[in-house]
1. Could you tell me which of the residues A:G80, A:G97, A:G89 is within 9 Å of chain B (Cβ to nearest Cβ), within 18 Å of the chain's Cα centre (by Cα) and on the phi > 0 side of the Ramachandran plot?
2. Filter the range B:170-212 down to residues that are part of a loop (DSSP other than H, G, I, E, B) and polar (S, T, N, Q) and give me whichever is surrounded by the most Cβ atoms within 10 Å (Cβ to Cβ).
3. If a residue has to be in a helix (DSSP H, G or I) and either touching a helix residue (DSSP H, G or I) at 6+ places or on another chain (Cβ under 6 Å) or crowded, with 18+ Cβ neighbours inside 10 Å (or both) to count, how many in the range B:306-321 make the cut?
4. Is it the case that some residue within the range B:350-358 is touching a helix residue (DSSP H, G or I) at 6+ places or on another chain (Cβ under 9 Å), of a type in the set (K, R) and either outside any helix (DSSP H, G or I) or in contact (Cβ under 8 Å) with a residue 60 or more places away in the chain (or both)?
5. Answer with yes or no whether B:D336 is in a helix (DSSP H, G or I) and either of a type in the set (A, V, I, L, M, F, W, C) or more than 13 Å from chain A (Cβ to nearest Cβ) (or both).
6. Any residue at all in the range B:139-155 that's in contact with a His (Cβ under 9 Å, 6 or more places away or on another chain), surrounded by fewer than 23 Cβ atoms within 10 Å (Cβ to Cβ), in a loop (DSSP other than H, G, I, E, B) and not β-branched (V, I, T)?
7. Among the residues in the range A:92-100, are any modelled with pLDDT under 95, surrounded by fewer than 17 Cβ atoms within 10 Å (Cβ to Cβ) and more than 21 Å from B:N277 (Cβ to Cβ)?
Amino acid sequence: MSTIQDDDRLHYVTRAADLKPGDRAVIECAGREVGVFNVDGTFYAVGNYCPHMGGPCAEGLVTGMFDADEAGNVSFERDGEILCCPWHGWQFDIETGDHLGHSKKRLLAFDVVLEDGDVYVRV
Amino acid sequence: MATETQRPQQVDDLDCPVVDADFHLTEQVSDLIPYVERPWRELFIGHNPFDEDANYYDPFPSSGVMEPHITTGRAEIFSPDAVRSADDVIEGMELLGIDYPLVTPGAVMLSLGLVHHDEVAAALAHACNTFVLDQIVDEARDVLATITVAGQKPRLAADEIDDRRHESGMVGVYLPTGGLNPPLGDERYDPIYEACERAGFPLLMHGVGSGTMKSFPVQYEGFSRGMENHVIAHPFQHIVNVVSMVTHGVPERFDVPFVFQEAGIGWVPYLMERMDNEYYSRRDDAPMLQAPPSTYMREHFYYTSQPLEGTQNSPEYVCAMARLMGAEDCLMWSSDYPHHDFDHTADIYRVFAREFDRPVLENVFGNTAYEVFFD
């Protein structure tokens with residue numbers, strides 16, 4: 001198994017303790033801007049580039065989404081798990097990078113590696 | 001024909017200046033108040049949104065439509081403070097790579113046509129122009145703007161155009177049309193057109209989302225000719241109903257083939273793309289949908305072809321629209337016989353046969369309708 005030092009695709013983000021649930025860090029690495037999010041204790045990373053028109057998506061509002069049952073009763077779900085582009089409000093699932101309404105549009109999603117209390121992103 | 005390598009690869013490669021013909025301010029009432037002139041200013045003192053502590057009157061009516069991506073702050077770029085100075089305009093020009101923005105009001109003044117007090121509407125237009133000339137227009141930095149006028153007072157609007165047309169940096173006239181009634185063909189608006197002609201200025205017309213919702217059916221009644229009505233009567237009614245049905249998940253909740261008749265076809269791909277565009281930004285308003293609106297418009301809705309626009313002048317347009325709407329699945333040929341504008345089978349077939357092969361033609365001219373009605 002490779003160590004952190006051997007993997008040149010891994011980039012240091014921050015101490016895990018400094019990225020609390022609900023927090024994010026946007027870093028530059030390997031020529032990309034990447035947003036790293038702590039969602040309820042789990043870390044996710046997505047590209048800071050909206051597939052719509054190139055807005056800085058990882059800097060946008062983190063919120064939830066509306067859903068409806070078969071009878072049309074509306075509920076608000078997944079609060080804290082949905083990322084919104086600050087340009088046009090396109091919404092993405094932070095975990096997968098998938099757009100909520102467009103099956104072919106997604107943010108680049110990157111692996112996050114935790115080691116010795118440090119957060120790394122694989123880009 | 002230009003090859004790929006000859007064709008400019010990006011906007012920057014073009015030799016022309018890049019002009020943005022709809023670039024907005026986010027002007028707020030507080031920007032306008034210092035410029036509202038007496039006597040109308042007296043109407044507001046102490047009882048108005050110009051006074052932050054007495055905010056119970058707003059001259060700009062709204063139907064209160066909630067835009068989820070805006071009310072939540074999700075689309076952060078559209079904030080009240082986004083574009084309220086020349087520097088803000090420059091920031092937008094740099095973001096978008098624009099050489100010349102035609103700057104027009106894009107916040108409270110969008111609802112100018114809904115202001116019920118006609119003289120106040122004209123006074124607000126006048127104030128807005130003074131504000132724009134004082135704080136926004138900057139010809140040295142290519143920030144150009146337009147003269148805003150209130151349609152409620154066409155003669156005052158004409159005066160406004162005449163008075164401002166020589167101001168440096170003003171290059172057009174901007175008429176907020178949301179809610180204006182009667183529609184713009186009424187002779188009362190002629191002074192505005194005459195003034196634009198005198199100035200040699202184009203007239204920019206801009207609706208407003210919220211206000212239009214309240215005013216449109218009323219505005220429609222202002223038509224005074226049958227043609228005005230008939231050109232849009234069928235497609236507009238369908239657009240209203242399709243938008244409403246899809247947004248509320250009717251095709252998700254009911255297994256019914258819905259057939260929209262007698263509106264031609266061009267509105268269908270237009271509405272499909274327009275609905276999808278909106279949905280990508282605000283699916284919160286349509287949480288019942290499991291797919292983008294166009295999917296429902298293709299798979300659950302059907303459209304009859306007559307009166308098929310474009311057959312006489314532009315058969316390639318007809319084929320393009322048919323292709324874009326997915327005609328093989330959702331278009332049903334129809335004649336409307338014996339109505340005054342019926343289509344003839346042979347004529348319509350000749351147009352479709354330019355592009356489509358037997359399976360598509362058979363669907364359009366019979367199979368699809370047969371399956372929907374008889375199977």
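1. Exactly one of A:G80, A:G97, A:G89 is within 9 Å of chain B (Cβ to nearest Cβ), within 18 Å of the chain's Cα centre (by Cα) and on the phi > 0 side of the Ramachandran plot, namely A:G89.
2. B:T177
3. The total comes to 4.
4. Yes: one or more hits.
5. no
6. The answer is no, given that none of the residues of the range B:139-155 is in contact with a His (Cβ under 9 Å, 6 or more places away or on another chain), surrounded by fewer than 23 Cβ atoms within 10 Å (Cβ to Cβ), in a loop (DSSP other than H, G, I, E, B) and not β-branched (V, I, T).
7. No, the conditions are met nowhere in the range A:92-100.
Okay, residues lined up against (1) part of a loop (DSSP other than H, G, I, E, B); (2) touching a Pro at 6+ places or on another chain (Cβ under 9 Å); (3) at negative phi:
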{"position": "B:R323", "(1), (2), (3)": "no, yes, yes"}
{"position": "B:H340", "(1), (2), (3)": "yes, no, yes"}
{"position": "B:A346", "(1), (2), (3)": "no, no, yes"}
{"position": "B:T368", "(1), (2), (3)": "no, no, yes"}
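The values are calculated or read from the model by the stated rules, or taken from the named source; none is laboratory data. Here the structure is a predicted model, which means the values were calculated and not measured. Cβ: placed from backbone, ideal geometry, glycine included. Neighbour counts: every protein chain shown.
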